[in-house]
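**Student:** The structure is given below, and queries will be raised subsequently.
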Ligand SMILES: NC(=O)c1ccc[n+]([C@@H]2O[C@H](COP(=O)([O-])OP(=O)(O)OC[C@H]3O[C@@H](n4cnc5c(N)ncnc54)[C@H](O)[C@@H]3O)[C@@H](O)[C@H]2O)c1
């Protein structure tokens, strides 16, 4: 096994009692980290903690992380038992019911935002000051492809996960020179109990969008997350990593200068072609012939693009 440099580290995994959180905790323990599971489900926590004791040094705290006081108290208990927190994985989440936006009850909509976005803010806010003071930290937020692409019948979930992506980019920049790295992962459909909250039609729709033609497994997400938590990860922050079986595809990836160069050469030739068209047919015809197509939502790094509109020239 590659040395991830985690043997002296303490990790918190929210929603660690089952599903993706459980798989992440298992990985981190296998890499030698001490791991504390924060979860609202006491029964599931007891069961999983017992099972993970054979893997490594594990603790647990029963907590509703949407409550600011409970989140602060969970941190206090964790530090008391395992020392300062080096790694935070914001994983706990709900899918919410599969409904159109206008069918959602406001409380139901807000509950999804509370756990999937507000609690991420609360947990980051709790751990960042002491990570800053020690000059080291790894924060990984579990977002979703829904936050990048938006799923119909999941406006609450898509909005919350888009918020997590924005939060990650913002906090990543705030901490960029501090030794605390903040990244997000965006899974597509992963086979866990959360899917029971969704209608069969909704799950079928999401799986149909995955080019690999299957759901992912929690361990596949955990493999990526454990790397992002490790000392091997040193030059990534404010980034969003897909683990989606190919669902999220972009024509140009925001990889700094290289992506920009491709765009530049495309732009020059596109401008030249456009000039020819203007000469031949005149501006009013050109306007009718261009259909704008949004084709890129790239990671926001220096020199990359947030959004590129590629004109499709229908007469070529
Ligand atoms: N499974 C998927 O298809 C999928 C896809 C993309 C993203 N995700 C995200 O991955 C994360 C984990 O999802 P999962 O599939 O393992 O879900 P899951 O339902 O299996 O596990 C979620 C865990 O969060 C805990 N939890 C719920 N409310 C809580 C609260 N208020 N405080 C503390 N803990 C709470 C639950 O008890 C549970 O242990 C979520 O953020 C989810 O949105 C999942």
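**Student:** State the number of residues belonging to segment 42-70 that are in contact with a strand residue (DSSP E or B) (Cβ under 8 Å, 6 or more places away or on another chain) and surrounded by 14 or more Cβ atoms within 10 Å (Cβ to Cβ).
**Tutor:** Count: 13.
**Student:** Being modelled with pLDDT of 95 or more, in contact with a strand residue (DSSP E or B) (Cβ under 6 Å, 6 or more places away or on another chain) and under 26 Å from residue 98 (Cα atoms): is that true of residue 164 here?
**Tutor:** yes
**Student:** Could you grab me the full set of residues in segment 1-43 that are touching a helix residue (DSSP H, G or I) at 6+ places or on another chain (Cβ under 8 Å), assigned to a helix (DSSP H, G or I) and either free of Cβ contacts under 8 Å to residues at least 24 places away in the same chain or within 14 Å of the ligand (Cβ to nearest atom) (or both)?
**Tutor:** 19, 20, 22, 23, 24, 25, 26, 27
**Student:** Further, regarding this structure: Would you point out which residue out of 133, 144 is over 14 Å from the mean Cα position of the chain (by Cα) and more than 17 Å from residue 229 (Cβ to Cβ)?
**Tutor:** Being over 14 Å from the mean Cα position of the chain (by Cα) and more than 17 Å from residue 229 (Cβ to Cβ) holds for just one of 133, 144, which is 133.
**Student:** Which ones in segment 222-270 are at pLDDT 95 or above and assigned to a helix (DSSP H, G or I)?
**Tutor:** 222, 223, 224, 225, 226, 227, 228
**Student:** Still on this structure: How many residues does segment 161-193 hold that are crowded, with 18+ Cβ neighbours inside 10 Å, within 8 Å of the ligand (Cβ to nearest atom) and farther than 23 Å from residue 230 by Cβ?
**Tutor:** Of the residues in segment 161-193, 4 are crowded, with 18+ Cβ neighbours inside 10 Å, within 8 Å of the ligand (Cβ to nearest atom) and farther than 23 Å from residue 230 by Cβ.
**Student:** Do we have residue 34 as buried (at least 23 other Cβ atoms within 10 Å of the Cβ) and more than 22 Å from the chain's Cα centre (by Cα) here?
**Tutor:** Taking the combined requirement at face value, the residue satisfies it.
**Student:** What are the residues in segment 147-160 that are assigned to a helix (DSSP H, G or I), surrounded by fewer than 23 Cβ atoms within 10 Å (Cβ to Cβ) and in contact with a strand residue (DSSP E or B) (Cβ under 7 Å, 6 or more places away or on another chain), if any?
**Tutor:** The answer is 148, and nothing else.
**Student:** Is it the case that segment 121-143 has a residue that's within 13 Å of the ligand (Cβ to nearest atom), assigned to a loop (DSSP other than H, G, I, E, B) and in the same structural domain as residue 76 (by TED's automatic domain parsing)?
**Tutor:** Scanning segment 121-143 turns up at least one residue that is within 13 Å of the ligand (Cβ to nearest atom), assigned to a loop (DSSP other than H, G, I, E, B) and in the same structural domain as residue 76 (by TED's automatic domain parsing).
**Student:** Looking only at segment 44-75, count every residue that is more than 25 Å from residue 113 (Cα to Cα) and part of a helix (DSSP H, G or I) and tell me the total.
**Tutor:** The qualifying residues number 7.
**Student:** Is it the case, given these coordinates, that residue 244 is within 17 Å of the chain's Cα centre (by Cα) and within 12 Å of the ligand (Cβ to nearest atom)?
**Tutor:** yes
The values are calculated or read from the model by the stated rules, or taken from the named source; none is laboratory data. If you're wondering where the values come from, they're calculated on a predicted model, not measured in any experiment. FYI the Cβ positions are ideal-geometry reconstructions off the backbone, even for glycines, and counts take in every protein chain you see.
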